[in-house]
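**Student:** Right, I'll just put the structure down here and ask away after.
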Amino acid sequence: MRKSVWVAVVVAAAKGALAVVPWVSDAERESVEPFKLRKVVSVPGTPEGAPEKLYTNDTGFVQINYDEAKAGVLGRDYAIPDPLVFVDGRRVVNASDWPARRREILGIFEQEVYGRMPPRPDAMAFDLVSKKLTEDRFSVERRYRQWFRADRSGPCVDWVVFVPVHARKPCPVILHLNYKGNDLVASGRTNHFLLPLGEFAARGYAFMSAHYTQITSDGPGNPGEPFDGVFELWGRRDPARTDNTGSIMAWAWGLCRGLDLADNVAELDARRNVVVGSSRLGKAALLAAAFDERFAVCVANQTGAVGVQLMKREYGESLRSQKLLFPWWYCSGVWKWAGREREMPFDQHMLLACVAPRALLLECYDNKWFDPRGEWLAAKAASPVWVFLSGKGIGLDEWPAPYDGSAVRPPYGYVRRTEGHGLSPYDWRWALDFADSALKAYDGLKGP
């Protein structure tokens, strides 16, 4: 995570009062106020300054663990549940048992971590707002507005969609949420890296994206209040519940609604899709694919804590640090486990398994804060579910070195890298190669 993120958190927390969202109680509103960090002390010499101490006042701080001895050894110091064993001890013995076990796991994550997945709207409306050729003339840029009520009232989400000009038939589509707005995406950039729109077109993919905070704000002042936006659709939140929907689940819900839009655009083959996200939006992409079986391929990039890595290690970014900084991301039920992770009857490998047997690529980050070893351990622990359902798992016994792409192959892939945080050219290359293979390549280009 870049240093600028830490600054943004402090600034957002210091902003003045915002408009009150009427469906959120005062008690819940206060519970998701982030701490106003006094300072962040980073580990010297680490990429992007891995935070070591998060100070909440002049003397009090949360200590971040980067000691493997304290993280412990899986199987010796802590255990994780077998994703192929039901809570009551019954084993999944054939493929027909898996849907019930998958639903059980998803229920655990709704109750204990992310909150409930909201329902699909009873009605939606889609308006084509604009249409033009891109500057390179390889794609048509379309802007759509998506409404979640038939009368076009209430919240909406704006999508920018790029459709290859030379496609002979409906295109597979990449779905994505962006950090800096659709206009920046249309310029061919994301927040840190160039966006390869021309490469998408050349490979025959449509690409669609929406600004994530239009779905709901990312905390106080960014740009509104927690649980605004689409949360209006779901009525007043019960402050007594501990499984109220968190923001990451809402962003995942937004990706599911993006797939609904894709299904209503004739030039797109919504059945052949790839959902991609990085960091907190990598968590959202992973959740969307876990809950919605329509997603064919998922690429989860550098998700951080409560994403891919095992929480029971409490190494690097952890529940305790996320409670300080991003409490609106999750349901309140998760915080009872902060500092007690080894007592949890679940861990993140079980969420990964809920994508099986569909295609999942984990693009991990060789940065202490992201616990790359914990990501690898989770990846390995979920692999038996793909083996059970498809005959093919991650296919490696030893942890591959950074930039080793030998496991970038469907249905279950893994790769890690160093350098900057976000979807880099390396990550897009791996993602597209993986998707090409998973979707058996798309050859619908007619050429110039």
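**Student:** Quick one, which of [x] 44.3, 154; [y] 21.0, 65; [z] 25.1, 82 is the actual Rg and Dmax of the Cα atoms in Å calculated for this model?
**Tutor:** [y]
**Student:** A follow-up question, please. What net charge is computed for the residues neighbouring V113, neighbours being all others with C-beta under 12 Å from the C-beta of V113, Lys and Arg scored +1, Asp and Glu -1?
**Tutor:** On the way: positive: R116, K283, K336; negative: E110, E112, D243, E341, D347.
For residues surrounding V113, the net value is -2.
**Student:** Can you give the local net charge around R152? Use residues other than it whose beta-carbon is closer than 12 angstrom to its beta-carbon, Lys and Arg +1, Asp and Glu -1.
**Tutor:** Values: positive: R145, R149; negative: D127, D151.
It works out to a net charge of 0.
**Student:** Fewest first, what order do R416, R91 take by the number of other Cβ atoms within 10 Å? Each step should come with its number before you reach the end.
**Tutor:** Values: R416 23, R91 10.
Sorted ascending by nearby Cβ count, the order is R91, R416.
**Student:** Using the Cβ atoms and a cut-off under 11 Å, what net charge is assigned to the surroundings of G339, where Lys and Arg are +1 and Asp and Glu are -1? Present the calculation step by step, with values, prior to reporting the outcome.
**Tutor:** Working: positive: R320, K323, K336, R340, R342; negative: E314, E341, E343.
Net charge around G339: +2.
**Student:** Taking only Cα atoms and a 10 Å spring cutoff, compute GNM fluctuations for the chain and point out the largest among D58, D26, D238.
**Tutor:** D58
**Student:** Given 0.36 nm per residue, what is the gain on full extension from R294 to S390 after removing their alpha carbon distance, in nm? Kindly include the intermediate steps, with their values, before the conclusion.
**Tutor:** On the way: separation 96, 0.36 × 96 = 34.56 nm, distance 1.75 nm.
Working it through step by step, the gained length comes to 32.8 nm.
**Student:** Return the FRET efficiency for the residue pair D404, E199: r is the Cβ-Cβ distance, R0 is 22 Å, and the value is rounded to the nearest 0.05.
**Tutor:** Values: r = 22 Å, r/R0 = 1.01.
That gives a FRET efficiency of 0.50.
**Student:** Put +1 on the Cβ of each Lys and Arg and -1 on the Cβ of each Asp and Glu in the chain; which of S139, W328, S217 then has its Cα farthest toward the positive end of the dipole?
**Tutor:** S139
**Student:** I've got another one for you. Round to a whole angstrom and tell me the spacing of the C-alpha centers of the range 286-316 and the range 95-120.
**Tutor:** Taking the Cα centre of each part, the range 286-316 and the range 95-120 sit 14 Å apart.
**Student:** Taking other Cβ within 10 Å of each residue's Cβ, how do T213, T242 sort, fewest first? Mind dumping the intermediate values first?
**Tutor:** Working: T213 21, T242 15.
The most exposed by this proxy come first: T242, T213.
**Student:** What's the Kirkwood radius of the range 301-438 in Å, using all Cα pairs? Walk me through the numbers on the way to the answer.
**Tutor:** Values: mean 1/r = 0.0649 Å⁻¹.
15.4 Å is the Kirkwood radius here.
**Student:** Hey, can you grab everything whose amide H is under 5 Å from the amide H of A125? Only 5+ residues off in sequence or another chain; H modelled, so Pro and N-termini drop out.
**Tutor:** Here W147, F148, R149 satisfy the definition.
**Student:** Could you work out [θ]222 nm for the chain from helices alone, using -39500 (n - 2.57) per DSSP H run of at least four and dividing by all its residues? Round to the nearest 500 deg cm²/dmol. Mind showing how you got there, number by number?
**Tutor:** Numbers: 13 runs with 123 residues, N = 448.
Rounded to the nearest 500, the figure is -8000 deg cm²/dmol.
**Student:** Highest first, please rank the peptides 177-185, 149-157 by the mean number of other Cβ atoms sitting within 10 Å of their residues. Walk me through the numbers on the way to the answer.
**Tutor:** On the way: 177-185: 19.0, 149-157: 13.9.
Packing order, densest peptide first, comes out as 177-185, 149-157.
**Student:** Something else now. Using DSSP H assignments, which helices in the chain have an axial alpha-carbon span of 15 Å or above and a mean Kyte-Doolittle hydropathy of -0.5 or higher? Provide the component values of the computation, followed by the final result.
**Tutor:** Working: long enough: 3-14 (17 Å, 1.88); 98-109 (17 Å, -0.21); 247-262 (23 Å, 0.89); 280-291 (17 Å, 1.20); 372-390 (26 Å, 0.37); 425-438 (19 Å, -0.61).
What comes out of the filter, once short or polar helices are dropped, is 3-14, 98-109, 247-262, 280-291, 372-390.
**Student:** Can you tell me, using C-alpha contacts under 8 Å and at least 6 residues apart, the relative contact order of the range 356-448 as a whole percent?
**Tutor:** Values: 111 pairs, mean separation 30.7, N = 93.
Worked out over the range 356-448, it gives 33 percent.
**Student:** Can you put I248, I108, I80 in order of Cβ neighbours within 10 angstrom, beginning with the fewest? Spell out each step's value before the answer.
**Tutor:** On the way: I248 27, I108 17, I80 21.
The most exposed by this proxy come first: I108, I80, I248.
**Student:** Quick one: work out the % antiparallel among DSSP beta bridges in the range 114-438, nearest 5.
**Tutor:** 45
**Student:** If you don't mind, there's one more thing I want to ask. Cα atoms only: what Rg and Dmax, in Å, come out for the range 42-171?
**Tutor:** My reading of the Cα-based Rg and Dmax gives 24.9, 64 Å.
**Student:** Sticking with this one: Relative contact order, percent, of the chain when contacts are C-alpha pairs under 8 Å separated by at least 6 residues?
**Tutor:** Details: 927 pairs, mean separation 76.9, N = 448.
Once divided by the residue count of the chain, the mean separation gives 17 percent.
**Student:** Here's another thing I want to ask about it. Kindly write out, for the range 127-136 in residue order, the coupling ³J(HN,Hα) from the Karplus curve 6.51 cos²θ - 1.76 cosθ + 1.60 (θ = phi - 60°), rounded to whole Hz, with x marking Gly and Pro.
**Tutor:** 10, 7, 8, 7, 7, 7, 6, 6, 4, 7
Here, each number is a calculation from the coordinates, and none is a lab measurement. Because the structure is a prediction, the values reported are computed rather than measured. FYI the Cβ positions are ideal-geometry reconstructions off the backbone, even for glycines, and counts take in every protein chain you see.
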